[in-house]
Amino acid sequence: MTLHDLVAPAIEAREPRYRIAGIRAADPLGADAILAAVPAMNRDADVPALTVALRTLVPGPDRTASLGVVDALAAVRDLGLLLGSLKRHGAEPLAAVPEALPALQELGRRTDMVPRDTVHHYTTWNPLGDRQRMYTGEAMEGYLQNAVRMVFPALVAALDTCSELAGLEPYDPRFAAALDRTAQHVQAMVDSIDFTVAQVTPDFFARGLRPYFEEVDIAGHDYLGPAAAQVPLWLVDVTLWQSDRSSPEYDAFLDESVRYSLPSWRAFHAAHRGSTSAVSKLSAAISWESTPRLPPGLAASAESLAGVLRILKTFRARHIGVARKAYSEDLRLYDEGSGGAPVALLRTVLDLTRENETLVRQADVGAHAPRTTPKPMPTVPMPAVSAAGPALREKRFTA
């Protein structure tokens, strides 16, 4: 039994975008047979065949208007595989098949998402087994898709714990408990990156798969392909530290990345950006303490917050290792990652995560350090009191 099996009934009850099994099963465009041939078309760089495939699958206005959210998400998933394939071989998809433009725009409206496929379409909502949509058909592509699938339920669960955390203060026992649950969810990111390192070579990603994730022009706007950077770890960052302890570079990246997320996740970001982060709350609470040891509840909150930040730091350090190999000079075909950011931004975010973890740990340690009794100030003889005395003393204090 997987984590998805445990949480799926609960999350599917909320909104159709969480109905993973239903979206995977859906084939509203009758695309199964055509998409099964896409890896062969890509191996042959067969742009004419890919163009015909896209034109064949584009739904007409009436058909598009009849699709519910589940079917519309599946339709975007299937059209998106052809968008990425055509772009990889040098063709601008909507220049080759202009009739796809109104369909994608309407599907974007119906799903309340960007008008092309995202990482969710390519991984979480992608069928398993024989119906799996793939660019290359290679085993390593499937492993990479599975690595992202692993984290979706955990991120959904983290959204709930972070929402709870945002409404709590560090003295509340529930603050530490929410952080501990968040840590369990975030651990899935570390497991995912470890799985990726073990199963997917940097060469395959850099040269075999990365070219399929290029941006596509849709009505004059460039939309990125299904990048792993769209996996929204910022859902956790924004609550823990990013809302008020970030950098301009990371803020700008998030402003771009958020639009590729689910509607409820975008709403979460809008509600919490600029709010007081967990790190700031804890730092303020500790600064008010004057006793040699923190109260137990506050100490537990500090320990739990440092623990989550340590897991985030671990993930990001390993992610940088993977990215450096995939974008090394001898492998890379692109200067930026598939999410539109350079590898240097990963270092910036890692440094910010590490700085916030250090701040929490130092604040905790500082509060536990033994307090020394200050030395008494030397006695200064006071002048004899006269009628002018009070005025003189007042002048000394106000000078």
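The values are calculated or read from the model by the stated rules, or taken from the named source; none is laboratory data. Model, not experiment: these values are computed from the prediction. When we count neighbours, we look across all protein chains shown, and the Cβ atoms used for this are built from the backbone with ideal geometry, even at glycine. Surface areas here come from the heavy atoms of the whole protein model, side chains and all, with no ligands, DNA or RNA. Shrake-Rupley method; radii C 1.70, N 1.55, O 1.52, S 1.80 Å.
Report, in whole Å, the centroid distance computed from the Cα atoms of the range 199-214 and the range 28-69.
23 Å
May I ask you to evaluate 6.51 cos²θ - 1.76 cosθ + 1.60, the Karplus curve with θ = phi - 60°, for each residue of the range 30-37 and list the ³J(HN,Hα) values in order in whole Hz, giving x for glycine and proline?
x, 9, 3, 5, 5, 6, 5, 8
For ALA227, list long-range residues whose amide hydrogen, built 1.01 Å from N in the peptide plane, is under 5 Å from its own amide hydrogen.
Close amide H contacts, sequence-distant or interchain: VAL119.
Can you give the charge dipole size of the range 109-255 about its Cα centre, rounded to the nearest 20 debye, using +1 on the beta carbon of Lys and Arg and -1 on the beta carbon of Asp and Glu?
480 debye
Provide the per-residue ³J(HN,Hα) series for the range 102-118, in order, calculated from phi with Karplus coefficients 6.51, -1.76, 1.60 and θ = phi - 60°, each as a whole number of Hz, with x at glycine and proline positions.
Taking θ as phi minus 60°, the curve returns x, 5, 5, 5, 5, 5, x, 5, 6, 9, 6, 9, 4, x, 7, 6, 10 Hz for the range 102-118.
If you add up the charges near TRP125, with Lys and Arg at +1 and Asp and Glu at -1, over every other residue whose beta carbon is less than 11 angstrom from its beta carbon, what do you get? Before the final figure, lay out each step's value.
Working: positive: ARG17, ARG19, ARG24, ARG77, ARG133, ARG149; negative: ASP78, ASP117.
So the surrounding residues net to +4.
For THR56 and ALA270, FRET efficiency with R0 = 45 Å and r from the beta-carbon atoms, rounded to 0.05?
0.70
Quick one: with all protein chains in place, what share of the accessible area of the range 51-156 is carbon or sulfur, to the nearest percent (1.4 Å probe)?
55 percent
Please list the non-local residues whose amide H lies under 5 Å from the amide H of ILE218, H modeled 1.01 Å from N, same-chain partners needing a gap of 5 or more.
Distant-sequence amide H within range of ILE218: TYR223.
Compute the separation of the alpha-carbon centres of the range 114-153 and the range 253-286 and state it in Å as a whole number.
27 Å
Cβ under 11 Å from ALA278's Cβ, ALA278 left aside: what net charge do those residues give with Lys, Arg +1 and Asp, Glu -1?
For residues surrounding ALA278, the net value is -1.
Let me see the P(r) profile for the range 180-245: every Cα-Cα distance counted, bins of 5 Å, each bin given as a percent of all pairs.
4, 12, 15, 18, 16, 15, 13, 5, 1
When you take every Cα atom in the range 236-318, what is the radius of gyration, and what is Dmax, the widest Cα pair distance, in Å?
Expressed in Å, the Cα Rg and Dmax of the range 236-318 come to 15.0, 48.
What does the accessible area per residue of the range 264-314 come to in Å², with a 1.4 Å probe and no ligands, DNA or RNA counted?
44 Å²
Apply the Karplus parameterisation 6.51 cos²θ - 1.76 cosθ + 1.60, with θ equal to phi minus 60°, to every residue of the range 188-196 and state each ³J(HN,Hα) to the nearest whole Hz, in sequence, with x for glycine and proline.
4, 5, 5, 4, 5, 5, 5, 4, 4
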